[in-house]
Amino acid sequence: MKTECPMTSAATLRKTLPAVLISAALAGLPLAANAGIMRNYDEELAVSVKHVRDGVLKQAVTHLEKNNEDNDKDILYFFEKGELFSLGNNYLASRDIWMKGDEIIQAWENEFRTNPSKLFGDIGSYLISDKTRRYDGQDYEKVMLSTRLTLTHIMLGHFDNARIEMKKTYEREKLIESFREKEYDALAAENEKEGNGEIKKLDGYPMAEIDTPEVRELKNGFQNAFAHYLAGYFFEVTNESSLAEPGYRNALQLAPNSRMILRALENIGREPLPEGQSEVLFVIETGFAPSIDSLNIPIPIPRKRGTIVTPLSFPVVTSSPKVLVPPTIKLVDQALPVETLTNIDTMARRMIRDQMPGTILRTVIRAGFKSLVQDQAEKAHWLAGLIAKVASVATEQADDRNWRMLPERISIARGRLPHGRRSIEFQTNAGSYRTEVDIAGAFTIVPIRLTGGAVYVGLAQRAPQGANALAELTVQPSGEGLAEPVASAAPSPAAAASVPLTLLRASPSSTPTATAPTRAPAPGAEPTPATDTAPPTPPAPAAIQTASAGTYSIAPTAAPTAAALGKRVSVGDTTYIGDFRFEQPSGLPAGQGRVEWRNGDSYEGTLAGGLRTGKGSFVSKDGGFRYEGDWRDNAQNGRGKTTFDDGDVYEGDMVGGLFHGQGTYRSKDGWRYEGEWKNGVKDGQGRLTYADGGRWEGRFAEDRQTADGQMIFNTTPVAEARPAETPTAAPKAAPEAASAPAQEEDDEDE
């Protein structure tokens, strides 16, 4: 039985258009709005990106839910929500959400296998705009979702599911390649039959941005080297070398200049893993995927009665602000080099470049229909013709939908490390960042996400007792099909530590260090960078889990039993001493007393809902760092005194863990600053007094003296006065505090 291609119905539509197109033109705008064509996805997703950059995942989820209140969720909803839960280290929830999105892609795949012509002729894209087309994900997003699920299955210890997803990745790539070839052939045939001609030149379109050397070097716009490297790594560490080599070779075809892929191919099976060590893969993701915007270009379309100039829309790629890719992951005794395998910004540009011929053909066909609508409407009445023109222009939009929460780049670092808790350090836009990770089992994957503001670090939610050891978690449903992990036994150190870390707004689980400070210069000199950093903050007594659809809560990894509630209660790495209770059903600690962590850090004061609130003091493990004062939402908020391990002291206002308001900073070197602070640096009126008694008074801006001030020298001799030291321009940030907002830096493409 022959199935009619929907595009062959174009001739039928042409015959019936005179009777129906006037009413369609009149109703076009409201119908298009109801269909979502007027929805501004870019604005919606830009807000979500900002929340993630600021380290407030709960607000990002709330914003996403607010914009998707209807029951018919599109695939972008599942893309973005799964990413948010993954950043919150709830891999079970993110897996279930992403699999709902994967069902939509699988439906597209099955439709293409059984009736491909049905996907080629979306009549809405011929009458109104590409944005009316059913959105099944961009090509690179389809493959990236499979990559995301592969990594999630590994992090959960579901290795058989990971193998299935790797196989599906390869099959999906082949299917996309076949689809694009057949789609273009079908579009070319339809355009030739309708006699719409072709566009010879796109004046006004930034072709140079999709035809750079980096774009041309890519094999295509949907395969990513990281997906195949991950497959090679997984099969290698699970002792399946025969399968590891094809994975690495596929990755090398996509990134032929990668030293790490070449090294992996050379070393397969050559050096057995020493006992007590783990093959560690750091997955460093930076920035955000680009947005896809709509650019309208007036194009002359030849018709039988003459040429009609019609505004046609084409997609353009707009890059997100660059985020620094750290050159190395530093450990105590070595530095692992970082190499970028996948650049999603470049992939998006290659995808637009490869699909441009099809986009042009589809747009030309649509222009033919729109010009006929205007012609028939004008014949009926001048007002109908005017409305048809307005509707044509207003509804002409390129498809701006894409998965913005994806990173711009995916890089890796790899090495063999001894088992145990290891300190790592790497560079961010805001300076040096230090935290600890647990290394165990035959292999360990450590995901790191740098957003330009917040930093998220995750660890596997499985007991890593060997390459093939599966540590299953007891699971119970938690609204909208999400699954909430409930530990069936005492959590492993890795599970207890699997929490997001932020630079700008510290969560209870954060362990940020201070931005690398600079020393304030003597008058007329330039500042020079210093290397001292503040000690890391304590690990939190909690791990993120989902409380209900679209919300987050902080709860102990395993709530103590009723019999354990007393003067001293231990939960994982944390011990509560004093008058604490564990609220139900959340299991969150509240009350007054002392909290001690396994690494030696301690907090004495009040907890409310698991967060430090009210008056309290935090002391680092060696007693060198101390904060005494006001807390809110687990960060220093209010007035307080911060004493650093080198003897420097700050007394004054704090907001979100940053010096903000009025405060005084006294250095052990003898200088002192009194005045206004903003986001952790001197900003506003202030006075900088040097060790020799000289002082500068005036207005500071972003930690520097401005022209609005004066230097006053000390004319009174000071016995045995030391030379004026260069004071610290950006005092060390306090633990649990965010560093100053990261400055967006443009780094060159690698």
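Arrange TRP677, TRP98 by Cβ neighbour counts within 10 Å, fewest through most, would you?
TRP98, TRP677
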Practice problem: Give me the distance in nm between label points sitting 7 Å out from Cα along the Cα-to-Cβ direction at ASP160 and VAL649, one decimal. | Solution: 6.4
Quiz item: Can you sort PHE288, PHE625 so the residue with the fewest Cβ neighbours within 10 Å comes first?
Solution: PHE625, PHE288
Practice problem: Search the structure for amide H atoms under 5 Å from the amide H of GLN636, placed 1.01 Å from N in the peptide plane, and list their residues when 5 or more places away or on another chain. | Solution: GLY657
Quiz item: In sequence order, what are the phi-derived ³J(HN,Hα) couplings for segment 342-350 according to the Karplus relation 6.51 cos²θ - 1.76 cosθ + 1.60 with θ = phi - 60°, rounded to whole Hz, with x for glycine and proline?
Solution: 9, 10, 5, 4, 5, 4, 4, 5, 5
Quiz item: In nm, to one decimal, how far is the modelled label at MET99 from the one at SER178, with both set 7 Å along Cα→Cβ?
Solution: 2.6
Quiz prompt | Two-site label geometry, LYS50 and LEU295: point separation in nm, points 7 Å out along Cα→Cβ | solution = 2.6
Quiz item: How many angstrom lie between the C-alpha centres of segment 226-256 and segment 579-640?
Solution: 46
Quiz item: Of the peptides 616-624, 48-56, how do they stack up when ordered by the mean number of other Cβ atoms within 10 Å, highest first?
Solution: 48-56, 616-624
Practice problem: Beta carbons within 10 angstrom, averaged per residue: use that to sort the peptides 145-157, 662-674, 204-216, 254-266, highest first. | Solution: 145-157, 662-674, 254-266, 204-216
Quiz prompt | Neighbour-count order for MET356, MET144, fewest beta carbons within 10 angstrom listed first | solution = MET356, MET144
Self-check item: Dipole magnitude (debye, nearest 20) for segment 247-357, charges at Cβ of Lys, Arg, Asp, Glu
Solution: 980
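Read the figures in this text as sums done on the coordinates, not as results from a lab. Keep in mind it's a predicted model, so treat the numbers as computed, not measured. No Cβ is skipped: glycine too gets one built from the backbone with ideal geometry, and neighbour counts run over all protein chains shown.
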